[in-house]
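The values are calculated or read from the model by the stated rules, or taken from the named source; none is laboratory data. Keep in mind that this is a model prediction, so the values were computed, not measured. Using ideal geometry, Cβ is built from the backbone for each residue, glycine included, and neighbour counts are taken over all protein chains shown.
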Amino acid sequence: MKIKIILFFVLSLGFVLRIWQVSQIPPGLNRDEAAIGYTAYSLLKTGKDEYGRFLPVSLESFGDWKLPLYIYLTVVPVALFNLSEWSVRIISIVFGTATIFLLYLFVKELFKTYRFSEILSLLSAFFLAISPWHVHFSRVSSEANLAVFFCVLSFVILLKNINSKTRLFFASIFLSLTLYTYHGNHVFTPLLFLGIFVYLLKNILNKKLLVYFIFPFLILSIYIWSQTLFSANKTKLSGLSPLSDVYQVYNNVILARKDYAEGSSGIEKIIHNKVTYLFGRVFVGYIDGFSTDFLFVRGGSNNQHNIPGFGNLYIWDAIFIPIGLYILFHRKFQYRWFLLYWILISPIGAALTKDAPHTARMAAILPIPQILIAIGVWFLIQELYGKRFSKFVISFLMLLLIINIAYFCSRYYVHFPIQEEVNWGGGYKKLVSEVNKLMPNYQEILMDRPNYSPYIYFLFYGRVDPKSFQNNVVRYSPDSEGFHHVQQIGKMHFESIGWSDELVIPNRLLISWADSTPSIASQSSTLITESVLTTLNNKYGNTFGLLPGDIVISRILDTISLKNGTKEFYLIDVNKAPYRYTDYAK
């Protein structure tokens, strides 16, 4: 009974940390979350994605080709609660919380021959419940978080009885689902599958039962790869490679060769080439995945995957992970080599990309750090129990943990939503609301920076009819990285504002980022001359109803600001003045 109460407390704590103010923290939706939500909405209403494809397995989105499982699961909350931050994130909250419970079951099976397995299970679940890494990923639309759930579920099913064909079959199915969830698992999961296969080969009683584990995985993995890696996602993969960074390749290959003296017999080409550069980048990326800076101090470089000034794990964890790893091998726990293998393969997916170490792609390591922390903590308690100063040391360590948790909560729930709002599209919701009110007053609305995919926020917050969007959207050609940006939806045009002709064409609303808006745009007047009309006609084939002597005025109509007072967007009205220059000449 005591165990159930403690477990309920741990699950409740984990759930509260994941759901409290989830519509406000993170402060807005990142563009992937908005795309997931609107694609789910489109599938719900039409059975098609943004591009009009019926029930696709690989979803093109911005050109980054999202996997299907999280999006299709999101159809349910969108159907129940409509489009909102809540409906897009609730899948991650539910499955993130469920992973805490699964970890409890997983650790019980891992250490079922150990008399303190129940305590290790509860401790592991607790440390996952409060993990900064897992809390944050459970509060956003994280495909990586969902993949962790299916991975742990697969092991819970498998470890109950590896000689059961039913369990082997379903463990294989759920492990395969990680390939339908997150791209990073296209590297991690096959390696994990290989490790499981080797373990089963050595320990299963009837080798013929292996077919129930191997074939479901092979069939499901070959199918998803045929739809992604071998077709649509080729552009995405090439864009992620370290070799896609032309600047770095030039610096580390071409320029490096020039440091050699003439007549060096081609040795510079052997040492400095794309192959050696790639291996070097992958090796450094792999090692960086285990760096203290990445794990405990600052995390990765992606602002949407990390909490500024905070690591993926607590600094407190750095004490117990090495202890736990040592105890795992010192006491020769049954699955020690497999857990080590899990740790060692987890950074590979991220290391193969140009932005390693990467918090989302490295999330495959979860929940192994929490298991090691639990082992380290329990071992230390056992070693210190009854000894001199034991109460002082344990109390000091507990105080450090409380300080770590308090600091995380302060950073995440207080400072993060204010300081990072600009990186989370915090101003878009208000922007869409204001623009929709003003839209009937203008012939055209022009928004800057189409490469930021602002269109997705107008679809999401405006709940634009998917069928209408599919039929009327105009897109740019894919860019060098394969991204497919939207150019026009009805009155809305998304294009770079050059601030030359934009302040001359009347009956338009311009939406610009405050940090790149020239002062002339905020308040200007332009006299229309024959020369101006000729320029407009040559460029656009249209003079927009202007005549010589007309005056076009631009002014800031509204400003969208963030919680910290920073101005994010300007809404600039461009229209003809009610008077003409010739009127003053009379």
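Quick test of your reading of the structure: Leu205 fulfils all but one of (1) assigned to a helix (DSSP H, G or I); (2) of a type outside the set (Val, Ile, Thr); (3) out of contact with any helix residue (DSSP H, G or I) (no Cβ under 6 Å at 6 or more places or on another chain). Name the failing condition by number.
(1)
For the stretch 75-93, how many residues are within 14 Å of Arg139 (Cα to Cα) and either without any contact (Cβ under 8 Å) to a residue 60 or more places away in the chain or assigned to a helix (DSSP H, G or I) (or both)?
Counting residues in the stretch 75-93 that are within 14 Å of Arg139 (Cα to Cα) and either without any contact (Cβ under 8 Å) to a residue 60 or more places away in the chain or assigned to a helix (DSSP H, G or I) (or both) gives 9.
What are the residues in the stretch 98-126 that are among the hydroxyl-bearing types (Ser, Thr, Tyr) and either in contact with a Ser or Thr (Cβ under 6 Å, 6 or more places away or on another chain) or in a helix (DSSP H, G or I) (or both), if any?
Passing the criteria: Thr99, Tyr104, Ser117, Ser121, Ser124.
The rows are residues; the columns are (1) closer than 27 Å to Phe416 by Cβ; (2) among the hydroxyl-bearing types (Ser, Thr, Tyr); (3) touching a helix residue (DSSP H, G or I) at 6+ places or on another chain (Cβ under 8 Å).
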site: Ser12; (1), (2), (3): yes, yes, no
site: Phe15; (1), (2), (3): yes, no, yes
site: Arg31; (1), (2), (3): yes, no, yes
site: Tyr38; (1), (2), (3): yes, yes, yes
site: Pro56; (1), (2), (3): no, no, yes
site: Glu60; (1), (2), (3): no, no, yes
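What's the number of the only condition in (1) modelled with pLDDT under 90; (2) over 18 Å from the mean Cα position of the chain (by Cα); (3) surrounded by fewer than 16 Cβ atoms within 10 Å (Cβ to Cβ) that Phe329 fails to meet?
Just one mismatch for Phe329, condition (1).
Asp32 fails exactly one of the following numbered conditions: (1) in a loop (DSSP other than H, G, I, E, B); (2) in contact with a strand residue (DSSP E or B) (Cβ under 9 Å, 6 or more places away or on another chain). What is the number of that condition?
(1)
Residues to consider are Phe62, Phe54; find the one that is aromatic (Phe, Trp, Tyr), over 19 Å from Arg139 (Cβ atoms) and more than 17 Å from the chain's Cα centre (by Cα).
When all the criteria are applied, what remains is Phe54.
Considering only residues that are touching a Ser or Thr at 6+ places or on another chain (Cβ under 7 Å) and surrounded by fewer than 22 Cβ atoms within 10 Å (Cβ to Cβ), which ones fall in the stretch 307-321?
Hit for the stretch 307-321 is Ala318, nothing else.
Taking the criterion of being out of contact with any helix residue (DSSP H, G or I) (no Cβ under 6 Å at 6 or more places or on another chain), of a type in the set (S, T, N, Q), outside any helix (DSSP H, G or I) and modelled with pLDDT under 80, would at least one residue in the stretch 217-232 satisfy it?
no
Can you tell me which residue within the stretch 536-547, out of those that are surrounded by 15 or more Cβ atoms within 10 Å (Cβ to Cβ) and touching a residue at least 12 places away in the same chain (Cβ under 8 Å), is farthest from Lys437 (Cα to Cα)?
Leu536
Listed here are the residues, each with its yes/no results for (1) of a type in the set (Lys, Arg); (2) closer than 30 Å to Val57 by Cα; (3) in contact (Cβ under 8 Å) with a residue 60 or more places away in the chain.
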position	(1), (2), (3)
Lys112	yes, no, no
Leu120	no, no, yes
Ser172	no, yes, no
Gly184	no, yes, yes
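Given the condition surrounded by fewer than 15 Cβ atoms within 10 Å (Cβ to Cβ), in a strand (DSSP E or B), assigned by TED's automatic domain parsing to the domain that holds Pro440 and more than 35 Å from the chain's Cα centre (by Cα), answer yes or no: does some residue in the stretch 524-535 qualify?
Yes.
With respect to the numbered conditions (1) farther than 30 Å from Ser84 by Cβ; (2) surrounded by fewer than 22 Cβ atoms within 10 Å (Cβ to Cβ), which one is the sole condition not fulfilled by Val135?
(1)
Look at Lys332 and say whether it is at positive phi and not aromatic (Phe, Trp, Tyr).
Yes.
Read through the list (1) part of a loop (DSSP other than H, G, I, E, B); (2) in contact (Cβ under 8 Å) with a residue 12 or more places away in the chain, then give the number of the only condition that Glu262 fails.
Exception for Glu262: condition (2).
So, in the stretch 278-301, of the ones that are loosely packed, with under 15 Cβ neighbours inside 10 Å and more than 15 Å from Leu344 (Cα to Cα), which residue ends up modelled with the lowest pLDDT?
Top of the filtered list is Ser301.
Might you let me know whether the stretch 381-393 holds any residue that is of a type in the set (Gly, Ala, Ser) and either touching a residue at least 12 places away in the same chain (Cβ under 8 Å) or in contact with a Lys or Arg (Cβ under 9 Å, 6 or more places away or on another chain) (or both)?
No, the stretch 381-393 contains no residue that is of a type in the set (Gly, Ala, Ser) and either touching a residue at least 12 places away in the same chain (Cβ under 8 Å) or in contact with a Lys or Arg (Cβ under 9 Å, 6 or more places away or on another chain) (or both).
Filter the stretch 340-363 down to residues that are assigned to a helix (DSSP H, G or I) and touching a residue at least 60 places away in the same chain (Cβ under 8 Å), then give me how many there are.
Total satisfying the criteria: 8.
For the list (1) over 25 Å from the mean Cα position of the chain (by Cα); (2) at pLDDT 95 or above, I need the number of the one condition that Tyr385 fails.
(2)
Are any residues in the stretch 382-406 crowded, with 16+ Cβ neighbours inside 10 Å and not polar (S, T, N, Q), and if so, which ones?
Selection gives Leu384, Leu397, Leu401.
Within the stretch 56-81, track down each residue that is modelled with pLDDT of 95 or more and on the phi > 0 side of the Ramachandran plot.
None; the set is empty.
If you go through the stretch 39-50 one residue at a time, do you hit one that is at positive phi, at pLDDT 95 or above and of a type outside the set (S, T, N, Q)?
Yes: one or more hits.
Since Pro56 meets every condition but one in (1) in contact (Cβ under 8 Å) with a residue 40 or more places away in the chain; (2) farther than 17 Å from Val464 by Cα; (3) in a loop (DSSP other than H, G, I, E, B), which condition does it not meet?
With (1) in contact (Cβ under 8 Å) with a residue 40 or more places away in the chain; (2) farther than 17 Å from Val464 by Cα; (3) in a loop (DSSP other than H, G, I, E, B) applied to Pro56, the lone miss is (1).
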